[in-house]
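*Asks:* The structure follows.
Please treat every number below as a calculation from the coordinates, not as lab data. Computed from a predicted structure; not experimentally measured. Note: ideal-geometry Cβ built from the backbone for every residue, glycine included; neighbour counts use all protein chains shown.
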Amino acid sequence: MIRTTGKIIKLTFYALVILAGVTFAVSNRGKVDLTFFPLPYILSMPLFMFTILVFTLGLAMGWIISRFHVLGHWRAHKQATKRVAALENELGAVRAERSIIHPIHPAAAALPPK
């Protein structure tokens, strides 16, 4: 029941966003001239197309920045995993060395510690 309610809420939200986008596109079909100061070019496009372009560029830049952030965490995780493996190997060697020097009698292992 909770999953279906969540799906309904998500679907309603997406439908409202699409409806708002279509309404914006229909309302803003007028041409806009874009000039880029140092360049002598003029770009003419509908206002809604410019808005979609800016929105898409913002999403792409945010995604790229988040990927760089995740990459840093991934490297730290990889180094930590290597360190854990090295420490586990070292601990295994110490335990093996300790069992050779002071072997534990099986009957003593069953007794609770004092």
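*Asks:* What does the helix-only formula give at 222 nm for the chain: each DSSP H stretch with n ≥ 4 adding -39500 (n - 2.57), the total divided by the residues, and the result rounded to the nearest 500 deg cm²/dmol?
*Replies:* Only helices count here, giving -27000 deg cm²/dmol.
*Asks:* Between residue 83 and residue 56, take the C-beta separation as r, use R0 = 30 Å, and let me know the FRET efficiency to the nearest 0.05.
*Replies:* Plugging the Cβ-Cβ distance into 1/(1 + (r/R0)^6) gives 0.15.
*Asks:* Moving on to the next point. What residue among 68, 27, 79 has its Cα farthest toward the positive end of the dipole of the range 1-98, where the charges are +1 on Lys, Arg and -1 on Asp, Glu, each on the Cβ?
*Replies:* Result: 79.
*Asks:* Under the rule of at least 5 residues apart or a separate chain, name every residue whose amide H is placed under 5 Å from the amide H of residue 32.
*Replies:* Correct list: 45, 47.
*Asks:* For the range 4-36, which trypsin sites (Lys or Arg not before Pro) pass both filters: DSSP loop (anything but H, G, I, E, B) and at most 10 other C-beta atoms within 10 Å?
*Replies:* Sparse-neighbourhood loop trypsin sites (Lys or Arg not before Pro): 29.
*Asks:* List the chymotrypsin sites (Phe, Trp or Tyr not before Pro) within the range 1-95 that DSSP assigns to loop and that have no more than 10 neighbouring Cβ atoms inside 10 Å.
*Replies:* Taking the range 1-95 and a limit of 10 other Cβ atoms within 10 Å, the loop chymotrypsin sites (Phe, Trp or Tyr not before Pro) found are 36, 41.
*Asks:* For semi-axes √(5λ) of the Cα gyration tensor in Å, one of [x] 26, 17, 12; [y] 65, 26, 6; [z] 30, 19, 13 was computed from the structure I shared and the rest are decoys. Which label?
*Replies:* [y]
*Asks:* Run the quick spin-label model on residue 13 and residue 49: label points 7 Å from Cα toward the beta carbon, then report their separation in nm to one decimal.
*Replies:* Distance between label points: 3.2 nm.
*Asks:* Count charges around residue 75 for me, please; just the other residues with Cβ under 14 Å from its Cβ, Lys/Arg as +1, Asp/Glu as -1.
*Replies:* After counting each charged neighbour, the total is +4.
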